[in-house]
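Colleague: This is the structure, below, for whatever I ask next.
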Amino acid sequence: MSARPQRTPRPAPAVGVGVPATLGLVTSHSASAPSSGARRLRTARGEFAVVDVPPASGVTARGTVLLLPGYTGSKEDFTLVHEPLAARGYRTVAVDGRGQYQSEGPADDETAYAQEELARDVLAQAAALDAPVHLVGHSLGGQIARAAVLLDPSLFRTLTLVSSGPARISVSQEQRVKLLRDALAVMSMAECWEAILAMGPPEEVGGPARGIGGQEWLRERWLGTQPAQLLTTGRQLCVEPDRVAELAAVPLPFHVLSGERDDTWPVPDLDRMARRLGAHRTVVDGAEHSPAVDRPGPTARALADFWDASR
């Protein structure tokens, strides 16, 4: 990763620092770092860190899937669905977006993270994977995926939106994102992390301490993400317009998948979005905002069933 300029320490905000754990973070299933097997995907818009898992040996290949993580997340959020999807014949490529964990990006240039720029990165990633591919976006990744499809649907076979709603996030989650943005305006990423830990158990104060892997790995992921990426994409989540009608005009098979509970976009809003899109709808029992982690088996099965039916 490129070096970041040092920031002059300033007093912490009087309010608590809250990183929205429901916006792309996941429940812990391991005390150690995920085994990623990461490699670099070369594209016309630069290189991106990916986890690339081929179909299982002896299984007929059925297609390639591009997986986009959510806000404060990373490619490792899809760790638990790679194997069951490989068993169904799908190559799965989970990617760190520009400035996200192990993918390069500027620390302070927010223009690099405009939604259209991130969407064009997705187009380049799909092209590098011998498009058309099945596209899956979780939370923020779903809104970036939607923007990419609207730019050039020819690169995609299907679009699945996982826990990703029609427009801006809920008021409660918007408040968390604004707290994080305020903190990053006066503190470095390391200072933000320490402030979160000082407030108590991070998972109880909205901090990024719950996920696949232990706390040291989560700290590594947090420090690997560029501040400008968090600031810009957090702002996008708070102002995203409703583009469902525009997307519905695109001739692609759509899938809206979520858990049975979600604080970021209410499940009834996701139901209505699916109807407006004429989309296949899956609600994963026992899952919340991160179905791929909460219930990876049923989530992978629902994804593969949808892709199989769309052939």
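Colleague: Return a yes/no flag: does the range 70-77 have any residue that is crowded, with 24+ Cβ neighbours inside 10 Å, within 14 Å of the chain's Cα centre (by Cα), farther than 15 Å from Phe156 by Cβ and free of Cβ contacts under 8 Å to residues at least 40 places away in the same chain.
Modeller: Looking through the range 70-77, at least one residue is crowded, with 24+ Cβ neighbours inside 10 Å, within 14 Å of the chain's Cα centre (by Cα), farther than 15 Å from Phe156 by Cβ and free of Cβ contacts under 8 Å to residues at least 40 places away in the same chain.
Colleague: Additional query: Considering only the range 253-311, how many residues are over 19 Å from the mean Cα position of the chain (by Cα) and among the hydroxyl-bearing types (Ser, Thr, Tyr)?
Modeller: So the count comes out to 1.
Colleague: Is the range 263-279 home to any residue that is within 17 Å of Pro166 (Cβ to Cβ) and at pLDDT below 95?
Modeller: yes
Colleague: Look through Ala145, Ala112, Ala127 and report the one residue that is part of a helix (DSSP H, G or I) and closer than 20 Å to Ala61 by Cα.
Modeller: Result: Ala127 is the single residue among Ala145, Ala112, Ala127 that is part of a helix (DSSP H, G or I) and closer than 20 Å to Ala61 by Cα.
Colleague: A further question follows. Would you point out which residue out of Leu118, Leu135, Leu159 is surrounded by 20 or more Cβ atoms within 10 Å (Cβ to Cβ), part of a helix (DSSP H, G or I) and hydrophobic (A, V, I, L, M, F, W, C)?
Modeller: Testing whether each residue is surrounded by 20 or more Cβ atoms within 10 Å (Cβ to Cβ), part of a helix (DSSP H, G or I) and hydrophobic (A, V, I, L, M, F, W, C) leaves just Leu118.
Colleague: Related question: Does Gly224 satisfy the criteria of being surrounded by fewer than 21 Cβ atoms within 10 Å (Cβ to Cβ), touching a residue at least 60 places away in the same chain (Cβ under 8 Å), closer than 30 Å to Ser188 by Cβ and under 18 Å from the mean Cα position of the chain (by Cα)?
Modeller: yes
Colleague: Which residues, taken from the range 113-162, are of a type in the set (Phe, Trp, Tyr) and within 21 Å of Asp305 (Cα to Cα)?
Modeller: Phe156
Colleague: Please specify each residue of the range 121-132 satisfying the condition of being at pLDDT 95 or above and either acidic (Asp, Glu) or buried (at least 22 other Cβ atoms within 10 Å of the Cβ) (or both).
Modeller: Across the range 121-132, the qualifying residues are Asp121, Val122, Gln125, Ala126.
Colleague: Among residues belonging to the range 290-311 that are more than 20 Å from Pro266 (Cβ to Cβ) and not in a helix (DSSP H, G or I), point out the one that is modelled with the highest pLDDT.
Modeller: Across the range 290-311, the extreme among qualifying residues is Ser310.
The values are calculated or read from the model by the stated rules, or taken from the named source; none is laboratory data. Source: prediction; values computed, not measured. Please note: Cβ atoms are built from the backbone with ideal geometry, for glycine as well, and neighbour counts cover all protein chains shown.
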